[in-house]
Every structure is written in C-alpha cells, then in structure tokens.
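Each remark here refers to the structure printed beneath this line.
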Amino acid sequence: MSDVVEKTLTALPGLLSLDSQPGSTKLSSSSKLGNLIRGITELTSKHEEEKLIQLELTSIKEQVSSPNTSMRQMKELMVRAIYCEMLGYESSFSYIHAIKLAQQGTALEKRVGYLAVSLFLNESHELLLLLVNTVLKDLQSTNLIEVCMALTVVSQMFPKDMIPAILPLVEEKLNHPKEIIRRKAVLALYKFYLIAPNQVQHIHNKFRKALCDKDPGVMTASLHIYLQLIEENPEGYKDLTTSFVTILKQVVGGKLPMDFNYHSVPAPWLQIQLLRILCLLGKNDQSTSEIMYEVLDESLRRAEINHNITYAILFECVKCIYTIHPKSELLEKAAKCIGNFVLSPKINLKYLGLKALTYVVQQDPKLALQHQMTIIECLDHPDLIIKRETLELLFRITNAQNVTVIVDKMLEFLRVNKDDYTTIDLVGKVAELAEKYAPDNEWFIETMSTVFSVGGDTMQPDIPNSFLKLLSEGFDSMEEDRKLRLFAVDSYVSLLQEEPGKLPQRFLQVISWVLGEYSYLREDLEVDTVLRLLAKLLDMKTTSSETKSWVLMAMTKLCEGGAGVSVAREVSETYSSSLDTVLRQRAQELQHLSQDSEMRARVLPRNAGLDPLEVDSSLSFLDGFVSEALAAGAAPYKPPHQRQEELAQAKALSLEPYGLSLPISMSSCCITDRQSPTLLSISSGLSGNSNDLSYRGGLKLDGVKRVWGREGYLAQREPVEESAHVEVPSPLRSPSQQGGAGGSHSHTPTHTPTPEPELEKQQLASSLFVGLASQSSVCLMGKSEPTPQRFRRKANSPASSSAASEKQSNSMVSAPSTVDNLMFNNLLDSHITSEPAVSSLEQTPQLSQGLVAANGSCDEELPDSDVNGSSPSLIGDDPVVAAELAPHEEPPKDLLLSSCLPAELSGLSHSEITPLCSDQILDLSACHVQKEDALVLVVFIYNSSDSDIQQILLELDSEELEVSCESDSAVQEATGHSVAVCQYSLSVKRPSVHVELVGMVSYQFPVGTPQSVQFSYKLPLSSFIRPMTVSTEEYGTMWLDFSHDTKQNLTLISDDQEPLTATLSVLKKKLQLHVVEIIGMEGIVACRLLQDQPCLMHCRMHAGTMAVWLRSPVPDLPDCLMYFCQRALQEH
Amino acid sequence: MIKFVLMVNRQGQTRLSRYFQPVELSRRAALEADVVRCCLSRKKDQCSFVEYKDYKLVYRQYAALYIVVGVTDSENELSVYELVHNFVEVLDKYFSRVSELDVSFNNRPITASLSEHDFLFVTFVSLTPHCLQIMFNLDRVHIILDEMIQNGHVVETNRSRVLAPLTALDKMVD
C-alpha cells in the first residue's frame, strides 16, 4: 500500500503546501460540526432538536450556494448535512453540491463528496447521472487514490443504464498492477452483475482470472460474484469445486499472511464465504460432495480456539455438512459440535446451537432427542429469543404424537408475547400444526379458538378463511364432519354467552359464519337463542361494521319463521337506515329473505358446500365493461404479483406495518406448491420450503450408520405405547404412569429417584420427543407422513387449475360480498319493480353458493399424488408391468415421434424433441418448428397403454406468448400405443430472453376418474427472430421512430477478413439477422420477431470493440437481442 | 445479508447510520427508535441477537454506545457479532494513531489508564472535549465502514487494508 501512497504523492506535489493545518483539523472539537453535535447531545426534547437542526440547515443552505465557499469549507458543510440527514432531516438542497464536491474537490474533499452522494441518493435518483462524468474522469486519473474512490462509489451505486460507458475502463482495471485497484474493480463488476447481469456476461472468464489472482484480497472479492452465480446456477460451476476446496485448505492451513488473521484465526469471513459456496455446490451431488469431505473435516478439526469467530465458522461448517451428500463420519463430528453449542453456558452460542439444530433436525430428527433436556431448559429460558428459537425447533419436529404438547407451549408463549410480528408468525404455525395433526375435534376447535383469540385482528386473513373452508368442505366421513361442526357450534354458543366483547373481530366473524351455517345441527338449540346472541353482537359498541355485516348475513340464514321473524324485523329496521351502505344492503336482504322462505332457500341453500361450484374465473361477463373503461383511458389491470414486484422494488427493506410485508413473500410461496393452505406458514415456510426442496431428493440418510443411540427418556418406547400416551395431552402424567414409564427405560442414566422439578422436565421431554426415535426413515413435515393427516382435504375437482384456486380462495375473504353481486341485482330489481325478478333469480342459487363454498372447487391438491392415488387399476399399477413395457419401446420412440411430424412441417428444421411430462399412461413430448413467418409448437401425446383414450384436452398458457391452436379441435384422442399430435402457433406478447409455456393435459378413461398432468416448455426468444429486408432509407426513417433502445460494446471477431463484416456475418448466420449495409466502420442490421415487431441494430467499430445500438418499438426486445448477440459471439 | 449498521448512544441518539437497502428518510427515525428500544431493554446476560420484524438485530455494547446491525435470517449472527468488533478494532487503531499526532490531545492520562477499548468507549460516550474525535469524524468512520461492508456483504476485514485508502488520503492532506 505504501507505494500507492508514494505514487499519489508524486502525482500531486502541490497539494502538500495547500493545507496549512495538517492532521489536527480533523480532531478539532471546536469545529462547527462539533458544536452542532454537542448542541444536539445536550438537548432534551425532540422539539428543540428540530429547531436547532432547521437553523443549522438554513445556515448550510446559505453557505453552500455562496460562490466564495472553498472546497474545504464545502467538505465540512457536507459532513454537517450528512449529520442532519442522519437525524432524519432532509437536506435535498445539498445533493447537487455533493456531486459538485466529488467533481471539483481533491483528495479527502473528493472522497467526502462521493461519500455524501452515496449516502444521500439512491440508485434510481436522477441526479446520479451527473456523477457519471466524474466517475469516468477519475477512473482515467493517474492518481491511484482517485481511481480507488471512483471504483468504491461505483461498487456502491451506479445508474444501470450508464454501465456500458464505464465498463471497459473497469475491465481494464482488472489487470492493474496494484491489488487494491484489482480488488475494487472486481467489486464494481459484482455490483454490475447485481443490477444488470447480462451486461457483464461476456467477462465471466475474467472472474475466473480474479479467482486465481495471486493476491488473496482480489480472490476474496471474486467470491462474492461466485456465491451469487452459484446460487443461481450451481450446475454451471461444479468444475470450480476443486479450486474452492484448495483455497479453503490453504486458508485453514494458515497459508495467508498474518494480517488476514482475526484473533489468530485465519481470515474467518473468507472461510465462511467459502463454506457457503461449497454448501451450494455439494447439495444433491455426491461426487462433488466427496471432493470436499477432507477439507470440511480439517475445518472442524482446526477450529479449536475458544473464540466466537471459530464458532461462527463451525456453525457454517455444520450447516454445510448437513446440506451436502452425507458422510457418516462427518455427520457424527458435526453432531458433536452442535452439542458443544447448545450446552455452552454462553448464551450467544446456545442461540446459534439452537439455530443449527433447527436446521439439522429437518435432516435428522433424532438429533433433537440427544439434546432433549437442553431443549426443555431452553423452553423455560428467561430470554424470549431463546424461547422463540426453541419453538421454531419444536415446530420442525412436530408430529401427530407430540402436537398437543408443542402447540401448548406455543400458545403459552403467545399469551406472554408482546411483539406483533412474532404473534402473526407463531399463530400461523399453530394453525398449520393444528390442521395437520389435530388428534381430535375438540382439541382442534379449542386450539383454533385460542388462535383466533390470541391472533386477534393482526392475524393473516388466510387462517380464518382456511378454517372455514375446512369446516365447509368437510372430510371423508360425513359423520366426522357433523361432529366437528356440532362441536364448533357448541363451543361458540357458550363463548357468546360469556363475554363476546372480549373477542377479536375476526373471531366474531368466524363465529357468526359458523352459527349461521351450522347451528341447525344442534337440534335442541332454539334458532331464537342464536339470533338473540347474534343480535347482542350488533349492539356492542366495539363491533366493527364489517363484523356486523357478517352477523347480519348469519341472521339472514337463520331467520326462519316464528320468533326469528320478529328479531329479524327489529334488526333490519334499525339497520336499514344505517349510514353504512353495506349494512343497509344486508338489512334489506335480511328483511326480504326473512319474509320469503322460498326465495331464501334458493339463495342460501343449506349445506351447499358439497356441490362443486361453477365459477367464471376469467370474469368474462365483465369484458365489455373493461374494454369500455380502457377505451376511456383507464389504466390496464396489473396482476398482484406484478404490483408486488413493483412495490418490492420500491422498498426493499420492509418497514411497512406488519401486515404488508407478508403478502410480498406470499407470492413466492404460492408458486411452490404449498402443503398447507395456511398462509402464515410462509414466514417459516420461506426457510422451510427451501429446505424442503433441498432435500426432497437429497439427503438420504437411510444407509448412514446411526451412531447415536436411542438414549433419552423414551428410548425404548414402542410405537403402540406412544399412541397410548398421546391421549394424555398434559405433560404431567400420574405418578403410577411415571413409574411405569421410568421402569421401561433401562437407558436412563441414573436410577436414583430424581427430584420433583427434574421429573417434570423428563415428562415434558417424553411427551415432546415422542415419535422421533421410532421413525426409521427420515420423514418430517410435508414428506411422506406416516400418521395419516386427520383433516385431509377432499379432492373436489381435480381439474381446477391452481390459478383458479388462487382467485377463489381470495374470494373467500370477502365472503359476504360474493353474495352481494347477485343479491344486489336481485333486490334492486325487486325493489324497483316490486316484484321478484324471476329471470335473474335463475342464476342466484348458483352464485349464492359462493358464500358457503366459495372454495368448493379450489382445493390445492397435489396433482401427482392425485393421479397416483386414484388411478384406476385398469392400467397396471404393478410396477413390473410398467418396467416390461418401457425397455422395448424406448429406442424407437424418438424416431417414431419425428415421423409423426405433420407433412407440411417435415421439411423444415425443428428443435430437438424434448420430453415434457409423463404418467403411467401418457407420455408428452414437444418440439418447435421454425416457419418463415411463424413458429409452430408441436406436442406429441403418446398413449402407452393398451386402451384408447378419447377426450384428451390440452391447455397451454404463457405470460410471454400468444398461443393459438392450429388443429381443428382442442380435444384429441389417442388409441393404444399411438401418438396424437397437436400443433400450436406461437407469437410473442412480451419479449423475454427465454419464454415459457405452461400447460396441462387432462384426459379420462371410459371408466375411471379424470386425470391431469402439468408441464412446462421453455424456448429461447431467438427462435422467433427472422430477417427483415429493408433499404437503408427505410431503415433511417424507422430508426427515428423507435423508442426503446439499448447500447453495449461487444467483442469483434477477428478472422482473416475485415472484422466488422466477419462479426456481422456470424450474427447473420446464427441469429438470422439481415445485414442492410456496411459502410466503413459502421454497419446496419435489421430483424423482426415473426411478421411484425422489428428491431434495428447499428454497429460501429471503435477501439477494437463493436459498439452496438439496438432500437425497437417493442420494450425489452433490444435487451433480449443484445443478450443473444453476445451469446452468439461468445460461442463463436 | 446485512441491511443496516447503526451506532446509537444510550439516549437513543443516532451517531451513525448506514443502510444497504434503500429506506425512505422519513421512515428511518422511527425504525432507529424502534431498534434502539429493542436493544436497550435487554440485559447484559441476554442474547446479543434480537428478532425484529422479519429480520434479526445483532447488537454489541461498548459502554454507552451500541452498535446495531440488521441482518436477514440467513445470515450467520455470530460472524456479524464479531464483524462489529472487528470494525471497532479498526476504528480504534485508526483513531488512536491519529490522536498521537494531535497537539491538543496531550492530556491523555484519563484515557491512558484505560484499555484500548475503554478508550473507545470514552471517546464515544463521555463527551469530554478531547474525546469526541470519532463523532466529529463522521466522514472518516463512514469511509472506513465503506471499505468493510458493501451492498450488505463483508468485503474486507484485514485491518491494514481497510485503513489503507484513508491513511493515504490523510497523508495527502498532511
């Protein structure tokens, strides 16, 4: 470094004399900033602070705009402005001066200018563009310090569109002799990769060079890029595993210079980074994992110094060992390591141990057994965060046998917890567990009641929704359904009789719905009683109008002749003059329907939840309205995920009130098939899901030697015995039982009588960890669960797509308003014409079921299990049969398929035929064929069974593509062992580098249930690109018209001929572009996406590269095309 | 990933804040107050990590000064905890060296009797006139932090390398 300084000093000799007050200036406490800070510190009230700061800001404002202010003073002013902004007072007037300071200042002044810019502005601020020239100049400076500063600010923030302007300069710096410059250049490229990945695609090989840099700092910097790259595509970097392993080996072995040590541990953060990378590479990959066993072992061994940082490394190591392909020896050591963590008296280590354990039990639940007593202790820990982490751990090991105890513990925590966020999270988990493992009806209803009471109104709306959905859909047994509903009615009636004022609104809504729907099940319960209880809710001051409308809705369902009518009349009179239009509407409904029992029976049929509901999910009846609105200039509809994306971009750190931060993650969660409908599982689900995915096909512990035995309190228990214990929900069992249990444990460490509190803990342990030891195979949460789920959803309509289910489950949220639509029409009609509008009534019963069974057809069933589970025995369920069929049919299939290509397409070039999906019967493959003005997707449906299948329905959809069927009808048929072919013509709606189609094939045997399989097909946008023949003049006029553009430098291909011509001819050949003209150093090229959607390209040779400028009327098309050009040239 | 770094005193006044993900100015004060409340209410023997909304806070106390780092759940809390200490050591190294150059900083007896870290506490905390260097050098602390953390990732931990650019700048001024 010292020579950097030297060089700098020689570069700026005059500077030395400029500053008359060396060093000491920065320490001056009598400076203005010093005064300000002291002033602020002495203040006591917020109001005084505000006054002082405003004064300060006025004074700063005055001075920055004065022409006499020197750069040194400006620097000081900027620091003060930074201080004011830090305290939350905007000083936007100083932003432009910060940029000026960065531009005109020298040395520290310049640095402070850059610093102020990076603190004041965000990435999308328009002023940032003004910084580009300064950065450009500094990058070319001979003063290394200035280059350093420029690179630092670039790696913090830079306008995305301007990257091409500085990219060559930054790339150049990768070869700089000074390590600090190379390191910062790598970090700048990392930043570019983060904000515009395709801009740096062509320099991937330079990253490799950085990884092999002789300086450890540069290598470390490159790891950031690699971690990111590998996270996105682990397959692409497997070859680097050996390099990472070698690096880690050297670091662990202490080969780095001493100054990289931190408390005599060699480069700990580097080690952690490397372990994370290895973790990603070794996941689900045995051969790659094998490469790293040795170094992992060494890492575990070397980390012996008793210091926090070694434990941080160990934690990462353990995580890695449990993520990659398992090796028993290492697992054993890692388990021991976790033991050291959780048993540590240091609380931070204990926390980390619990976190590690939480991660690991998903792989090996038995590990929890080993530490059961520690876990129990942690449950009672005075520190809430430890408790919380322990509950998280228990959540992961919950099964049907310990659910009551674990849920008990969670509810206990919830009652004392004050933090809303934790409540929301935990309430969701309890609801999920209750739904999954409930041992009986009573427990389920009671637990859910607690959930609703504790969760209150902050709870995710999904929880009550899915609870109601569960109640209304019922399970496989009618009798069970009845009992459950009856019990719910019972307990809610008694709740209302107690103190309904204390219950949260959401819960009251649930109660009213349940009572409205099911109170008829209790025969001895007078309708009148229920109505009065409900009416009492209406009178309460605390009841919100939303709840009131639920109550009125319930009353509408109940008011049936007799005493009911009088209550109804009373209520409807009160509310028909309400200021709230919704309530008035409800009151009207109540009034009318209570008088007309025939109409009521049609509008609100009892027990309608069982019939599937026809829902026009596309809302096509609104099309006319929408197009009118659009024509009138309304903004087009944006789907929620798009809106959320935009929202998420706007604010990355979630500071919204609690509710809002969750729905954002929700969308990501909905994509992966959620096992539980409980929305709130997301917060855990986020980690849970990813882990789930990670080892669904991954860690197989079957063959691994189990070194830890079944010691612990339930060690010897047999499964039968366990189920007996479940019946005792309380962790405290009677002494006689204890004796019995104790006797059976020959492995209990001591036989001496244990003191009373200890005994309690042991009992708790046995009830918590029940069922863990008995399972021989690893199965937890969402994987093959041995105990049948109590509340397994019924398969109502397997054909419903997941998209539809999304919509419908939303509709449940506003259940009353579903009815609204039709009731509205109805009642209005009847109002105006004062006679029931018979014609509109016809649609009523259908729609009204929306209330009861808005979710009737939206079950989120796993399509696979559905197919497997219910497939008729017609086709051989027998795997042997399938195996026999497979071999002799495999080879000719491809040939067979390509011979099935329609005659008009057979002459054209088609892509490789790729398999899409298959089940026992159908085997789908597809390819795409490029026609001159179209792209045709050909789907082959091969029927591998002996029987014929009529009615094969193939549906395709895509966000980016327009799909139209070319065949006569969408319905196909396939005789046994033959192929049906469907053709679709594709055109691009929204360009994207890769476009994807999703589809579903559904079919039915003459006998048997309908089946469906989903698939997706991905193709590059380049398949849609066609040459466009235009003249240079036409090109000129078009060029000016197009609004979307992108610029970038691409590498030239230097064959023996002229480089520009060579490069363009490569592009012409690979991407079917049309070269319009080449004049000297410039060339113009044109192409189009199928018939329309042109894209123009302008190339100019400049300093050994080709500056490419793409323009098109279609957004995103230039970016995509740039990507393909880059790829094409790279491949060449 | 690291979301922000805060330095606050026991009165809850922010001494330094650096966000690695954009947070609106208007929201920062509330967030900081919340975060400080979370950490100040905790006892010495409690865990140094706190759950806060959907992320975690890692905090470390140096006398009356708290350094709080907001991290995502996937981050290794203990490594961040040590990163904070590394940061403090770097500051310590820089400012103790600087202080020796300072003429007006000759009355060191109070601090000289303290250990290195105590010196730092005093610097931040007691607000005696000669101990405010770090606070008065907000810009330099930021420059140091910029060398260590970028985009929410740890980019340099080697003490001499972290300080190299700043020392070079100082030499240019001298």
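For the stretch A:493-509, just list the computed ³J(HN,Hα) in residue order, Karplus coefficients 6.51, -1.76 and 1.60, θ = phi - 60°, integers in Hz, with x standing in for Gly and Pro.
4, 5, 5, 5, 6, 7, 10, x, x, 7, 7, x, 4, 4, 5, 4, 5
How far, in nm, would the chain grow between A:E412 and A:E932 when pulled straight, counting 0.36 nm per residue and subtracting the alpha carbon separation? Provide the component values of the computation, followed by the final result.
Details: separation 520, 0.36 × 520 = 187.20 nm, distance 6.89 nm.
This chain segment gains 180.3 nm when fully extended.
Taking neighbour counts of Cβ atoms within 10 Å as a proxy for exposure, in what order, fewest first, do A:K436, A:K1068 appear?
Result, fewest neighbours first: A:K1068, A:K436.
Compute the length gained on full extension between A:E962 and A:H1074: take 0.36 nm times their separation in residues and subtract their Cα-Cα distance, giving the result in nm to one decimal. Provide the component values of the computation, followed by the final result.
On the way: separation 112, 0.36 × 112 = 40.32 nm, distance 2.51 nm.
Contour length minus Cα-Cα distance gives 37.8 nm.
Using packing as a proxy for protection, rank B:55-65, A:176-186, A:231-241 so that the peptide with the highest average count of other Cβ atoms within 10 Å comes first.
Working: B:55-65: 20.4, A:176-186: 22.0, A:231-241: 13.4.
Most protected by this proxy first, the peptides run A:176-186, B:55-65, A:231-241.
Hey, can you rank A:154-164, A:946-956 by average C-beta count inside 10 Å, highest first?
A:154-164, A:946-956
So, with +1 on the Cβ of K and R and -1 on the Cβ of D and E, and no other charges, what is the size of the charge dipole of the stretch A:902-1019 about its Cα centre, to the nearest 20 debye? All intermediate terms of the calculation are to be shown ahead of the outcome.
Values: 4 positive and 17 negative charges, 38 e Å.
Roughly 180 debye for the stretch A:902-1019.
Calculate the dipole size of the stretch A:333-456 relative to its Cα centre from +1 charges on Lys and Arg beta carbons and -1 charges on Asp and Glu beta carbons; express the result in debye to the nearest 20. Walk me through the intermediate numbers first.
Numbers: 14 positive and 16 negative charges, 145 e Å.
Dipole of the stretch A:333-456, to the nearest 20 debye: 700 debye.
Among residues other than B:N158 whose Cβ falls under 13 Å from its Cβ, what is the net charge (Lys/Arg +1, Asp/Glu -1)? Let's see the in-between values first.
Details: positive: A:R183, B:K93, B:R159, B:R161; negative: A:E179, A:D215, A:D259, B:E89, B:E147, B:E156.
After counting each charged neighbour, the total is -2.
Along the Cα→Cβ direction, 7 angstrom out, place labels at A:S566 and A:S906. What is the inter-label distance in nm?
8.6 nm
Apply the a/c threshold of 1.5 to the C-alpha gyration tensor of the stretch A:375-473 and tell me whether it is rounded, prolate or oblate.
Numbers: a/c = 2.25, a/b = 1.38, b/c = 1.64.
It comes out oblate by the Cα gyration axes.
Checking the cross-link filter: which lysines have an alpha carbon closer than 24 Å to that of A:K214, excluding same-chain neighbours under 8 positions apart?
Within the straight-line limit of under 24 Å, A:K214 reaches these lysines: A:K7, A:K173, A:K178, A:K184, A:K191, A:K206, A:K238, A:K249, A:K255.
What's the average, rounded to a whole number, of partner chain beta-carbon atoms within 10 Å of each residue's beta-carbon in B:147-157?
Numbers: counts 4, 1, 0, 11, 9, 1, 9, 7, 12, 8, 8.
Shielding by partners across B:147-157 averages 6.
Using mean Cβ contacts within 10 Å as the protection proxy, how do A:1010-1021, B:152-163 order, highest first? Mind showing how you got there, number by number?
Values: A:1010-1021: 17.8, B:152-163: 20.8.
Most protected by this proxy first, the peptides run B:152-163, A:1010-1021.
Quick one: net charge around A:E1033, please, counting Lys, Arg +1 and Asp, Glu -1 for every other residue with C-beta under 14 Å from its C-beta. Spell out each step's value before the answer.
On the way: positive: none; negative: A:E1034, A:D1041, A:E1077.
Net local charge, A:E1033 excluded: -3.
For peptide B:19-32, how many partner chain Cβ atoms fall within 10 Å of a residue's Cβ, on average?
Working: counts 4, 3, 5, 11, 6, 5, 8, 3, 5, 5, 5, 2, 2, 3.
Going residue by residue through B:19-32 and averaging, the value is 5.
First measure r as the distance between the Cβ atoms of A:E50 and B:R10, then evaluate 1/(1 + (r/R0)^6) with R0 = 25 Å and state the FRET efficiency to the nearest 0.05.
Given R0 = 25 Å and the Cβ-Cβ separation, E is 0.70.
Suppose every K and R has +1 on its Cβ and every D and E has -1 on its Cβ; what is the size of the dipole of the stretch A:243-327 about the Cα centre, in Debye to the nearest 20? It would help to have the intermediate numbers written out before the result.
On the way: 8 positive and 8 negative charges, 17 e Å.
Computed charge dipole of the stretch A:243-327: roughly 80 debye.
What is the spin-label model distance, in nm, from B:K43 to A:R522 if the labels are put 7 Å beyond Cα along the C-beta direction?
4.7 nm
Laboratory data are not the source of any read-out in this text; all were calculated from the coordinates shown. It should be emphasised that the depicted structure is a prediction, and the values quoted were computed from it without experimental measurement. Here the Cβ is made from the backbone with ideal geometry for all residues, glycine too, and neighbour counts use every protein chain on show.
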